[in-house]
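Read through the structure below, which is laid out as structure tokens, and then see the notes.
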Amino acid sequence: MVWYNYLMIKFLSQLLDLIYKKRCYFCRSTDSGNLMCENCFESIEFLPCKIFRNINGCQVFCASVYKDNLQKLIRGLKYHNKKELAYFQAKLMYEYWKKLTVSEKKFVIVPVPLYSKREKQRGYNHMLLVAHEFAKLAGENYIVENNLIKRIKNTKPQYKLSKAQREQNLKNAFEITKNCDKFKNKNILIFDDILTTGSTLEEMIKVFKQNGFENLYAFTTSCAKHSF
Ligand SMILES: [Zn+2]
């Protein structure tokens, strides 16, 4: 009886796979059987391979511009529960990262933290998912550390605020957790999805520096169109 049930479930799931062959979330084609087909992935253009910005001595890298398919990808992962898109976001970042000539080899990836209540509502921190997928692609020199810095203030969404309001909004928003000594000499690589004014990174960098961290880098998947 157990075997019968097992075979029945297997048969039904194969039948469902056949009927609902995975469609590309972007162009709806079923050709690749992936949530993002190759054409749609390759439609995303990289920015030139160089330091995008320098924020208080921290080199900031940015892979692409927040528009078209990349905008849909980021929004799909962040707001529409398409967790599988984390892999494609990480892949895009990794393809860009490989082309850069960064002198350091080992990094501790720190995804920008969400406020605990917001993370609970969403069910996950999207950048933590991306960080894990990135580390899988990049190999053993990259580790993910999610508990080094916390967001202790429920900040307002930033997109409607001016630069001055953003700074005020983010003031004292982050706190380093107590046991961070073993990470102080490591290369910290902050991960975020969209760079606009850079206020979030600026605030995080400030807090890291106040706590004795010196080797700070940041890498964002995209930048807003008007940010460069
Ligand atoms: Zn497609």
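Report, by residue number, each residue of region 1-56 that is acidic (Asp, Glu) and modelled with pLDDT under 95.
Answer for region 1-56, where residues must be acidic (Asp, Glu) and modelled with pLDDT under 95: Asp17, Asp31.
Checking Lys82 against (1) within 16 Å of the ligand (Cβ to nearest atom); (2) not assigned by TED's automatic domain parsing to the domain that holds Ala218, which test does it fail?
With (1) within 16 Å of the ligand (Cβ to nearest atom); (2) not assigned by TED's automatic domain parsing to the domain that holds Ala218 applied to Lys82, the lone miss is (2).
For Gln89, indicate whether it is under 26 Å from Val207 (Cβ atoms), within 16 Å of the ligand (Cβ to nearest atom) and either modelled with pLDDT of 95 or more or basic (Lys, Arg) (or both).
Here the answer is yes, as Gln89 does meet what is asked.
Here is a yes/no grid of residues against (1) in a loop (DSSP other than H, G, I, E, B); (2) without any contact (Cβ under 8 Å) to a residue 40 or more places away in the chain:
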site: Arg75; (1), (2): no, yes
site: Asn81; (1), (2): yes, no
site: Ala90; (1), (2): no, no
site: Met93; (1), (2): no, no
site: Lys98; (1), (2): no, yes
site: Lys105; (1), (2): yes, yes
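Go through region 5-50 and give me each residue that's small (Gly, Ala, Ser) and away from the ligand (no atom under 16 Å from the Cβ).
Matches in region 5-50: Ser13 only.
The values are calculated or read from the model by the stated rules, or taken from the named source; none is laboratory data. Quick caveat, the model's predicted, so the values are computed rather than measured. Methodologically, a virtual Cβ is constructed for each residue, glycine included, from the backbone with ideal geometry; neighbour enumeration extends over all protein chains shown.
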